[in-house]
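Notes for the one structure printed next.
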Amino acid sequence: IKNSKKVINSTKIKFQNLTSTPTIVGTAEVESAPQITGDTHLGGYSVILKKPGDSVTYTFDVANTGDIDAELTTYTKATPVITATGSNNGENDVQIVTDNLIYTLTYADGSPIEVGNELLHTLGNNTASLRLTVAYDLAASELPQDEVTIDGLDITFIYGQK
């Protein structure tokens, strides 16, 4: 009698290696640091950007620890929630920041993340480095009068079998 085991091939994708200290430019502040929750969801953080050129950048990896190649099938970057903390110019301040906010997620080399991107399982090709940046446009001509908090900066990836 031959003992046969059924081999199940699977993709096992997860975010990992989130930097604990972001790259901060200008007077930007981190109110709460992002957290990886679940395998491929990053969220729960907020920042304050005060002037043109301010930015906060985090880096992290997405890894395929499974035994088959994977393909990005869904990529969701939530719409930031912008809240004015002062009462002097609240609604206008929110609009100013909304108009000048730059929120990007790219590979570490600057190339865009797109549905259909592959994440191979083979050794040496199973991890991709990502860069998440929240910035106040350097070309902005207006500033909020009061402090404005930016949160809801969640991202989620869903991978399927290639």
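The values are calculated or read from the model by the stated rules, or taken from the named source; none is laboratory data. Since the model is a prediction, treat every value here as computed from it, not as a measurement. Virtual Cβ from ideal backbone geometry, glycine too; neighbours counted across all protein chains shown. To get the accessible areas, we keep the full protein, side chains included, count just its heavy atoms, and leave off ligands, DNA and RNA. Shrake-Rupley method; radii C 1.70, N 1.55, O 1.52, S 1.80 Å.
What the phi angles of region 29-42 give under the Karplus curve with 6.51, -1.76 and 1.60, with θ = phi - 60°, is a coupling list of 9, 9, 7, 9, 6, x, 10, 8, 10, x, 7, 9, 10, 10 Hz, glycine and proline written as x.
So how do 148-158, 111-121 stack up, highest first, on mean other-Cβ count within 10 Å?
Most protected by this proxy first, the peptides run 148-158, 111-121.
At 0.36 nm per residue, minus the direct Cα-Cα distance, what do residue 143 and residue 103 gain on full extension? Give it in nm, one decimal, please. Show your work: numbers first, answer last.
On the way: separation 40, 0.36 × 40 = 14.40 nm, distance 1.74 nm.
12.7 nm is the gain from fully extending residue 143 to residue 103.
Could you compute the net charge surrounding residue 37? Neighbours are other residues with a C-beta less than 13 Å from the C-beta of residue 37; K and R count +1, D and E count -1.
Details: positive: 14; negative: 39, 154.
For residues surrounding residue 37, the net value is -1.
Shown in residue order for region 77-85 are the 3J(HN,Hα) couplings computed by the Karplus curve 6.51 cos²θ - 1.76 cosθ + 1.60 at θ = phi - 60°: 10, 5, 6, x, 9, 10, 10, 7, 8 Hz (x for Gly and Pro). Close amide H partners of residue 162, meaning residues 5 or more places away or on another chain with modelled amide H under 5 Å apart, are 69, 70, 71.
Under a Cβ-only charge scheme (Lys and Arg +1, Asp and Glu -1), can you give me the dipole magnitude of region 1-148 about the Cα centre, in debye to the nearest 20?
On the way: 9 positive and 18 negative charges, 199 e Å.
The dipole of region 1-148 has a size of about 960 debye.
Note that region 62-71 has calculated 3J(HN,Hα) couplings of 10, 10, 9, 9, x, 10, 9, 5, 10, 9 Hz, one per residue in order, obtained from phi through the Karplus relation 6.51 cos²θ - 1.76 cosθ + 1.60 (θ = phi - 60°); glycine and proline are x.
Against the chain, whose longest principal axis is taken from its Cα atoms, helix 90-100 shows a tilt of about 50°. Lysine pair count for the chain with Cα-Cα distance under 28 Å and sequence separation of 8 or more or different chains is 11.
Among 25-32, 42-49, what's the highest-first ranking by average C-beta atoms within 10 angstrom per residue?
Details: 25-32: 14.9, 42-49: 21.1.
Averaged packing, sorted descending, gives the order 42-49, 25-32.
Average accessible surface for region 65-162: 53 Å² per residue, computed with a 1.4 Å probe over protein heavy atoms with every protein chain in place. Calculated mean residue ellipticity, 222 nm, the chain: -2000 deg cm²/dmol, from DSSP H runs (n ≥ 4) at -39500 (n - 2.57) each, averaged per residue and rounded to 500.
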